[in-house]
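Each value in this text was obtained by applying a stated rule to the coordinates, not by laboratory testing. Keep in mind it's a predicted model, so treat the numbers as computed, not measured. Note that we place each Cβ from the backbone using ideal geometry, even for glycine, and neighbour counts take in every protein chain shown.
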Amino acid sequence: MVQTDISQISGECNTWREKLRNYREEFTLDENRLRQVAGQTLSKEQLQDVEHLHNQFHIQLINIHDLKQAIKNHDRQVNLELTGNNSISEDSLAKHESLHTELQSLEQTLGDLRSEFNQFLQRTS
């Protein structure tokens, strides 16, 4: 067992969940903007881009939700461990690092999607 600062781990979990909430809001707005653009007269290629982007927004919103829930469950588990034996297990610390890596990977994917969407908007303006 490893002694660790629960406020640091909980704080990180809260920060991560807040980031994910912000991403959810941003990509929900982008999805709505995509619907507006889809109502315009578009070429076949642009319509294919709309479909692709719509699918990506849907997938990434699911990924955001799933990771947010995993972080929430992890935070609960860590708090339960501390209640039970006043320390956090190595497995929980490893899970914490794994979740952080997942978040970083998702942020990269979301950044790529944001760029792709912005390029699409420029082409349809």
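Counting residues in the stretch 68-86 that are under 28 Å from Leu121 (Cβ atoms) and either touching an Asp or Glu at 6+ places or on another chain (Cβ under 8 Å) or buried (at least 17 other Cβ atoms within 10 Å of the Cβ) (or both) gives one or more. The combined condition, being surrounded by fewer than 13 Cβ atoms within 10 Å (Cβ to Cβ), assigned to a helix (DSSP H, G or I) and under 16 Å from the mean Cα position of the chain (by Cα), is fulfilled by Ile62. Restricting attention to the stretch 13-35, does a residue exist that is more than 24 Å from Gln119 (Cβ to Cβ), part of a helix (DSSP H, G or I) and of a type in the set (Val, Ile, Thr)? For the stretch 13-35, residues more than 24 Å from Gln119 (Cβ to Cβ), part of a helix (DSSP H, G or I) and of a type in the set (Val, Ile, Thr): present.
Scanning the stretch 107-125 for residues that are without any contact (Cβ under 8 Å) to a residue 60 or more places away in the chain and part of a helix (DSSP H, G or I), which turns out surrounded by the most Cβ atoms within 10 Å (Cβ to Cβ)? Per the stated criteria, the residue is Thr109.
A count restricted to the stretch 22-59 and to residues that are β-branched (Val, Ile, Thr) and surrounded by fewer than 12 Cβ atoms within 10 Å (Cβ to Cβ) stands at 1.
Note on the stretch 87-99: among residues that are in contact (Cβ under 8 Å) with a residue 12 or more places away in the chain and within 17 Å of Arg76 (Cβ to Cβ), the one that is nearest to the chain's Cα centre (by Cα) is Leu99. Pairs linking a residue in the stretch 48-62 that is over 12 Å from Leu34 (Cβ atoms) to a residue that is among the hydrophobic types (A, V, I, L, M, F, W, C) and in a helix (DSSP H, G or I), with Cβ atoms under 7 Å and 6 or more positions apart or on different chains, are Gln60/Phe27; Gln60/Leu110; Gln60/Leu113; Leu61/Phe27.
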